[in-house]
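Q: Let me begin by handing over the structure; questions about it come next.
The values are calculated or read from the model by the stated rules, or taken from the named source; none is laboratory data. Quantities reported herein were computed from a predicted structural model and do not represent experimental measurements. Virtual Cβ from ideal backbone geometry, glycine too; neighbours counted across all protein chains shown.
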Amino acid sequence: MPEITAEDEVVRLCQELIRIDSSNYGDGSGPGEAEAARYVVEQLREVGLEPRTFESAPRRVSVAVRIPGADPVRPGLCLHGHLDVVPAEAADWQVDPFSGELRDGCVWGRGAVDMKGMDAMILALVRENARAGVLPPRDLVVVFFADEEAGGEHGSQFMAQEHPEVFAGVSEAVSEVGGYSVTVPTPEGGRARAYLLQTAEKGIAWLTLRARGTAGHGSVPNDDNPIAHLAGAVARIADHEWPGQHIDSVRDLLAGLSRLTGIPVEDVEGLLATIPGAAGFVRGTLRDTSNPTVLSGGYKHNVVPQTATAAIDCRFLPGHEDDVMATIRELAGPHVEVEVHHRDIALETDLEGPLVEAMIAAIGAEDPGATVLPYCLSGGTDNKALATLGITGYGFAPLRLPEDLPFAPMFHGIDERVPVDALTFGVKVLRRLVATS
Ligand SMILES: [Zn+2]
C-alpha cells in the first residue's frame with residue numbers, strides 16, 4: 001500500500017474544518033475554536049504527534065506542536081494558521097457556508113480562503129511527513145491560533161505573551177495572506193502569472209473621537225454643541241486626502257507588474273486593473289487611510305447632549321504611525337479628543353534571504369516561468385503578534401488560482417471558495433518549501 005500523501009487528504013481536511021462552525025463575532029458570543037482545535041489535535045495525534053492546546057478563555061483554544069528538525073542548532077520556522085472565521089449570512093450564499101460542498105471544482109464555505117484552506121494544507125503536509133518519518137531541516141513549530149479575526153487577543157497575542165516558550169528559537173514564520181497567483185496580460189498579447197508574497201502589512205489604529213460640549217435645550221442657541229463639533233471632525237477626517245507614498249514593497253510590486261505588462265509604472269490604476277482579483281488588497285496600501293465607521297450621540301430631538309462619539313478605522317503604513325496620529329488630532333480640532341481604542345504595529349521586511357529564496361524556488365519548481373512579487377497587505381495578521389517575539393513573518397499560503405476567480409473579495413465576502421487544484425498545488429509548494437527551508 002502506498003503511503004497516503006498530503007494531496008490525497010488536503011480537500012477532505014479543508015471540508016471537515018469548514019463544517020466546524022468557528023465563527024468569531026468579536027464579542028465572545030460565538031462558538032469559539034474549541035471544536036476546530038479538538039479536530040486538529042485528533043488529526044495530529046493520529047500520526048503520532050503530541051500537540052499542546054492552550055485555552056485563553058472558555059472555548060478559545062489554540063493548538064501547537066513542535067516537530068524537531070534535523071539540525072537542532074538552526075533557528076526554527078513557524079507555520080501557522082488561524083482556526084476562527086468571520087460569520088457568514090447563509091441567505092446571501094449560493095451554498096450553505098458551513099457545508100464544505102464540492103462544486104465546480106472548488107471547496108465552498110466560510111474559511112475556504114481565510115484560512116481553513118491553508119490550515120488543511122499545513123495539516124496534510126505535517127501528517128504526511130510524520131507518517132513517512134521525514135524530518136524538517138530545522139525545527140518546525142506548527143500553530144493553529146484562535147481569535148485572529150478579532151485581533152488575536154485570545155489567540156496569537158495570548159500565545160506570544162503567555163506562552164513564548166512555544167516559539168523558542170523561532171526566527172521566521174509563514175502564514176496568510178499571500179502566495180496566491182494573479183494573471184496579467186503581457187505586451188505580446190500573452191498572459192503571465194505572478195505570485196504575490198506578503199512582506200509587509202499596515203498597522204491598525206481604531207480610534208474613538210469624543211466631542212464634549214455644553215448640554216442644553218434644543219431651542220436655545222448653542223455654539224458649543226458636541227454633535228456639531230463631532231460632525232465637523234468626522235467630515236474633515238473623511239475628506240482628508242492622505243498623500244500617496246509608496247513603501248518599498250508597494251513600489252517593487254508596481255515595478256514588477258509594469259515589467260510584466262509593459263504598462264508604465266506611473267499608471268497605478270492601469271496596473272491595478274491588471275490584477276482585479278487582488279486590487280482590493282493593494283489599493284489600501286498606496287496611502288494611509290482613515291474611515292469613519294460609527295457615529296453616536298444624543299438621545300432626544302430637543303436636547304443638546306453633553307458628549308458625542310465616533311469611531312474611525314485608521315490604517316497606517318510602516319513608519320507612518322506618529323505622523324498619522326498627529327494629523328488625525330489636528331483634523332479632529334480643539335473640541336474633540338482622540339482616544340486609541342485598539343492599535344497594532346505595521347510590519348515590513350525585504351524580499352530577500354534564504355527563506356524567501358526557498359519560497360521563490362518552490363514556486364518556480366511547481367509553476368515554471370512564474371514571477372514572485374512582494375506586496376503589502378492592507379489588513380493585519382497573526383504575524384503582528386509573532387513580531388513582538390522578534391519573528392519575521394511572511395504571507396505565503398501558495399495557491400495557483402484561475403484568472404477569473406475574484407480572490408480578494410472572497411475574504412470576509414460571500415461564496416468563499418477555493419479550487420481543489422489550488423489546494424493540491426499549494427501542498428506541493430509547501431512541501432518543497434519546508435524541505436528546503
Ligand atoms: Zn485570515
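Q: In region 362-411, what residues are crowded, with 18+ Cβ neighbours inside 10 Å, aromatic (Phe, Trp, Tyr) and outside any helix (DSSP H, G or I)?
A: Within region 362-411, Tyr375, Tyr394, Phe396 qualify.
Q: Another question, if that's okay. In region 223-268, which residues are of a type in the set (A, V, I, L, M, F, W, C) and under 20 Å from Tyr195 (Cβ atoms)?
A: Filtering region 223-268 for residues of a type in the set (A, V, I, L, M, F, W, C) gives 227-228, 230-231, 233-235, 237-238, 242, 247, 250, 253-255, 257, 260, 263, 265, 268.
Selection gives Ile247, Val250, Leu253, Leu254, Ala255, Leu257, Leu260, Ile263, Val265.
Q: In addition: Residues that are closer than 28 Å to Arg138 by Cβ, in a loop (DSSP other than H, G, I, E, B) and either away from the ligand (no atom under 16 Å from the Cβ) or not basic (Lys, Arg) (or both): does region 412-434 have at least one?
A: Initial filter on region 412-434 (closer than 28 Å to Arg138 by Cβ): 422-434.
Narrowing further to those that are in a loop (DSSP other than H, G, I, E, B): none.
For region 412-434, residues closer than 28 Å to Arg138 by Cβ, in a loop (DSSP other than H, G, I, E, B) and either away from the ligand (no atom under 16 Å from the Cβ) or not basic (Lys, Arg) (or both): absent.
Q: Identify all residues within region 167-181 that are assigned to a loop (DSSP other than H, G, I, E, B) and surrounded by fewer than 23 Cβ atoms within 10 Å (Cβ to Cβ); write none if there are none. Before you say what the answer is, go through the steps one by one.
A: Looking only at region 167-181, we keep the residues that are assigned to a loop (DSSP other than H, G, I, E, B), and these are 168-169, 176-179.
The answer is Ala168, Gly169.
Q: Here is a list: Pro97, Pro58, Pro68. Which entry is within 16 Å of the ligand (Cβ to nearest atom) and more than 15 Å from Phe145 (Cβ to Cβ)? Please lay out each step first, then the result.
A: Working: Pro58 fails: within 16 Å of the ligand (Cβ to nearest atom); Pro68 fails: within 16 Å of the ligand (Cβ to nearest atom).
Of Pro97, Pro58, Pro68, the one residue that is within 16 Å of the ligand (Cβ to nearest atom) and more than 15 Å from Phe145 (Cβ to Cβ) is Pro97.
Q: Can you pull out every residue in region 291-339 that is over 33 Å from the mean Cα position of the chain (by Cα), assigned to a strand (DSSP E or B) and surrounded by fewer than 13 Cβ atoms within 10 Å (Cβ to Cβ)?
A: Val303
Q: Scan region 68-83 residue by residue and report those that are in a loop (DSSP other than H, G, I, E, B) and of a type in the set (A, V, I, L, M).
A: Listed by number, the residues that qualify are Ala70, Val73, Leu83.
Every residue, every condition in (1) away from the ligand (no atom under 16 Å from the Cβ); (2) in a helix (DSSP H, G or I); (3) touching a residue at least 12 places away in the same chain (Cβ under 8 Å); (4) out of contact with any Cys (no Cβ under 8 Å at 6 or more places or on another chain), yes or no:
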| position | (1), (2), (3), (4) |
| --- | --- |
| Glu128 | yes, yes, yes, yes |
| Val143 | no, no, yes, no |
| Phe158 | yes, yes, yes, yes |
| Glu165 | yes, yes, no, yes |
| Thr183 | yes, no, yes, yes |
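Q: Go through (1) in a helix (DSSP H, G or I); (2) at pLDDT 95 or above; (3) out of contact with any Phe, Trp or Tyr (no Cβ under 6 Å at 6 or more places or on another chain) one by one and return the number of the condition Val265 breaks.
A: Just one mismatch for Val265, condition (1).
Q: Moving on. Residue check: is Ser171 in contact (Cβ under 8 Å) with a residue 24 or more places away in the chain, among the polar types (S, T, N, Q) and within 16 Å of the ligand (Cβ to nearest atom)? Please lay out each step first, then the result.
A: Values: in contact (Cβ under 8 Å) with a residue 24 or more places away in the chain: yes; among the polar types (S, T, N, Q): yes; within 16 Å of the ligand (Cβ to nearest atom): no.
Against the criterion (in contact (Cβ under 8 Å) with a residue 24 or more places away in the chain, among the polar types (S, T, N, Q) and within 16 Å of the ligand (Cβ to nearest atom)), Ser171 does not qualify.
Q: Taking Pro406 and the conditions (1) closer than 15 Å to Trp108 by Cα; (2) away from the ligand (no atom under 16 Å from the Cβ); (3) at pLDDT 95 or above; (4) not acidic (Asp, Glu), which numbered condition does it fall short on, given that it satisfies the others?
A: (3) is the only condition that Pro406 fails.
Q: Let me ask you something else. Quick one: how many residues across region 109-124 are of a type in the set (A, V, I, L, M, F, W, C) and within 13 Å of the ligand (Cβ to nearest atom)? So that I can check it myself, show each step before the final result.
A: Within region 109-124, the subset of a type in the set (A, V, I, L, M, F, W, C) is 112-113, 115, 118, 120-124.
Cutting the leftovers down to within 13 Å of the ligand (Cβ to nearest atom) gives us 112-113, 115, 118.
The total comes to 4.
Q: List pairs: first in region 222-243 and under 19 Å from Met325 (Cα atoms) and in contact (Cβ under 8 Å) with a residue 24 or more places away in the chain, second among the polar types (S, T, N, Q) and buried (at least 16 other Cβ atoms within 10 Å of the Cβ), Cβ under 7 Å, 6+ apart or cross-chain?
A: Listed by first residue and then by second, the contacts come to Ile237/Ser290; His240/Ser290; Trp242/Thr289.
Q: Only one of Gly117, Gly111 is under 24 Å from Asn129 (Cα atoms) and buried (at least 19 other Cβ atoms within 10 Å of the Cβ); which? Quick ask: steps written out before the conclusion?
A: Working: Gly111 fails: under 24 Å from Asn129 (Cα atoms).
Answer to the check: Gly117.
Q: Which one is surrounded by the fewest Cβ atoms within 10 Å (Cβ to Cβ) among residues in region 14-67 that are touching a strand residue (DSSP E or B) at 6+ places or on another chain (Cβ under 6 Å) and assigned to a loop (DSSP other than H, G, I, E, B)?
A: Leu49
Q: Could you check Gly178 against (1) more than 14 Å from the ligand (Cβ to nearest atom); (2) of a type outside the set (A, V, I, L, M); (3) touching a residue at least 24 places away in the same chain (Cβ under 8 Å) and say which number it fails?
A: Of (1) more than 14 Å from the ligand (Cβ to nearest atom); (2) of a type outside the set (A, V, I, L, M); (3) touching a residue at least 24 places away in the same chain (Cβ under 8 Å), only one is false for Gly178: (1).
Q: A follow-up question, please. I need every pair where a residue in region 376-395 that is more than 14 Å from Glu348 (Cβ to Cβ) and within 14 Å of the ligand (Cβ to nearest atom) has its Cβ under 6 Å from the Cβ of a residue that is aromatic (Phe, Trp, Tyr) and at pLDDT 95 or above, sequence separation at least 6 or different chains.
A: Every condition considered, the pairs that remain are Asp382/Phe145.
Q: Which residues, counting only those in region 84-123, are in a helix (DSSP H, G or I), farther than 16 Å from Pro406 by Cβ and under 21 Å from the mean Cα position of the chain (by Cα)?
A: Quick first cut of region 84-123, residues in a helix (DSSP H, G or I) only: 90-92, 116-123.
Narrowing further to those that are farther than 16 Å from Pro406 by Cβ: 90-91, 116, 118-123.
Within region 84-123, Lys116, Met118, Asp119, Ala120, Met121, Ile122, Leu123 qualify.
Q: Here's something else I'd like to know. Say whether the condition of being over 20 Å from the mean Cα position of the chain (by Cα), more than 16 Å from the ligand (Cβ to nearest atom) and hydroxyl-bearing (Ser, Thr, Tyr) is met by at least one residue in region 235-255.
A: Checked against the condition, which is being over 20 Å from the mean Cα position of the chain (by Cα), more than 16 Å from the ligand (Cβ to nearest atom) and hydroxyl-bearing (Ser, Thr, Tyr), region 235-255 yields no hits at all.
Q: Please identify the pairs in which a residue from region 13-40 that is closer than 21 Å to Glu89 by Cβ has its Cβ atom under 6 Å from the Cβ atom of a residue that is crowded, with 17+ Cβ neighbours inside 10 Å and polar (S, T, N, Q), counting only partners at least 6 apart or on another chain.
A: Close Cβ pairs (under 6 Å, with a partner that is crowded, with 17+ Cβ neighbours inside 10 Å and polar (S, T, N, Q)) amount to Gly30/Ser23; Gly30/Asn24; Glu33/Ser22; Ala36/Ser22.
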